[in-house]
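Since every read-out is calculated from the coordinates, none of them should be taken as a lab result. Worth saying up front: this structure is predicted, and the values here are computed from it rather than measured. Don't worry about glycine lacking a Cβ; one is built from the backbone with ideal geometry, like all the others, and counts go over all protein chains shown.
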Amino acid sequence: MAQPSNGLAGNGLAGLDLTRYRALVFDLDGTLIDSMPYHVRAWQQVAQEHDGFVLEPDFIYQRGGFSSPNIVRDLIAAGCKVPSVEAFVQRKVELYRAHMAEVPVFDQVLQILKEARARGAKIGIGTGTQRINAVDILKQHHLSEFIDVIVSGDDVQKHKPEPDTFLKALEQVNVAPKDALIVEDGLPGIQAAANGHLDCLVVDRGNLVRFIPAH
């Protein structure tokens with residue numbers, strides 16, 4: 001028998017049946033698109049512009065899924081001199097968007113998205129990034145037609161690791177949490193799925209690495 005085309009068999013997840021899910025909600029940065037190196041460089045540059053603050057990449061990777069203002073608040077706590085959170089975020093977004101056209105997609109994760117959509121599942125994006133970035137990069141990769149709903153960092157008050165981002169997306173497509181799968185790469189997002197009692201498929205740099213059932 002032919003192996004399933006979604007790549008699950010090759011990642012120790014052959015028993016996982018994705019066809020039972022009526023909705024899949026994907027994180028964006030680091031999950032569907034390989035954007036984290038570009039975000040890291042943008043954060044590093046704007047931090048350097050603020051009193052020469054040196055920012056290690058792990059600082060950002062550990063906060064994958066956080067909203068930009070919350071990352072800036074953590075930078076302030078770490079000693080970065082930030083006169084204005086809003087201006088800092090605006091500069092970071094400017095630096096990131098200057099290179100956004102270079103950001104690639106993770107093919108294996110995209111394949112899961114397209115196969116789910118083809119069988120009639122609802123598709124959501126649940127991200128901590130700003131809505132304009134999410135909308136534009138989905139357009140750039142010609143993915144907008146596959147997406148039913150986007151919940152961005154602009155759309156919720158409580159960000160990951162709170163579950164509000166994912167639960168709002170499911171509410172908008174009218175699918176119960178028990179019938180949904182979250183696809184995530186970042187610890188805050190994985191925690192958000194757990195806090196929302198949602199099944200979670202964990203990916204790492206485009207590879208499917210772990211399934212965490214809802215508790």
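For the chain, the longest principal axis of the alpha carbon atoms and the long axis of helix 131-140 meet at an angle near 60°. Using the Cβ-Cβ distance between His141 and Arg97 with R0 = 25 Å, the FRET efficiency computed as 1/(1 + (r/R0)^6) comes to roughly 0.95. Working note: Karplus 6.51/-1.76/1.60 with θ = phi - 60° gives region 82-97 the couplings 10, x, 9, 4, 4, 5, 4, 4, 4, 5, 4, 4, 4, 5, 5, 5 Hz, where Gly and Pro are set to x.
Working from label points 7 Å from Cα in the Cα-to-Cβ sense, the Val209 to Asp107 distance is 2.1 nm. Charge tally for Gln157 (other residues, Cβ to Cβ under 13 Å; Lys, Arg +1; Asp, Glu -1): -1. Residues whose amide H falls under 5 Å from that of Ile33, counting only those 5 or more places apart or on a different chain, are Phe106, with hydrogens built in the peptide plane. Here the 3J(HN,Hα) profile of region 206-215, calculated from phi with Karplus coefficients 6.51, -1.76 and 1.60 at θ = phi - 60°, is x, 9, 7, 10, 6, 10, 10, x, 5, 10 Hz, Gly and Pro shown as x. Setting aside same-chain residues fewer than 8 positions from Lys160, which lysines have a Cα under 17 Å from its Cα? Candidates past the 8-residue exclusion: Lys168. Here is the list for region 82-126: trypsin sites (Lys or Arg not before Pro) lying in DSSP coil, each with at most 16 other C-beta atoms within 10 angstrom of its C-beta, are Arg119. Can you bin the chain into rounded, prolate or oblate? Criterion: square roots of the alpha carbon gyration tensor eigenvalues sorted a ≥ b ≥ c, rounded for a/c under 1.5, prolate for a/b above b/c, oblate for the rest. Judged from the Cα gyration tensor, the chain comes out prolate (a/c at least 1.5, a/b above b/c). Counting Lys and Arg as +1 and Asp and Glu as -1, what is the net charge of the other residues whose Cβ lies under 15 Å from the Cβ of Asp17? Charge balance in the 15 Å sphere: +1. As I understand it, the value is the acute angle between the Cα axis of helix 36-49 and the longest principal axis of the Cα atoms of the chain; what does it come to in degrees, rounded to 10? With rounding to tens, the tilt is 10 degrees. With the Kirkwood sum run over all distinct C-alpha pairs, region 36-101 has a hydrodynamic radius of 11.6 Å.
Counting only DSSP H runs of at least 4 residues, each contributing -39500 (n - 2.57), and dividing by the residue count of the chain, the helix-based mean residue ellipticity at 222 nm comes to -11500 deg cm²/dmol.
The Arg20 and Asn174 beta-carbon pair, evaluated with R₀ = 22 Å, returns a calculated FRET efficiency of approximately 0.80. Among Ile76, Ile33, the order by Cβ neighbours within 10 angstrom, fewest to most, reads Ile76, Ile33. Proximity of backbone amide H atoms, modeled 1.01 Å from N, is registered between Asp154 and Arg131 at under 5 Å, excluding neighbours fewer than 5 places apart on the same chain.
The mean sequence separation of alpha-carbon pairs under 8 Å and at least six residues apart, normalised by the residue count of the chain, gives a relative contact order of 28 percent.
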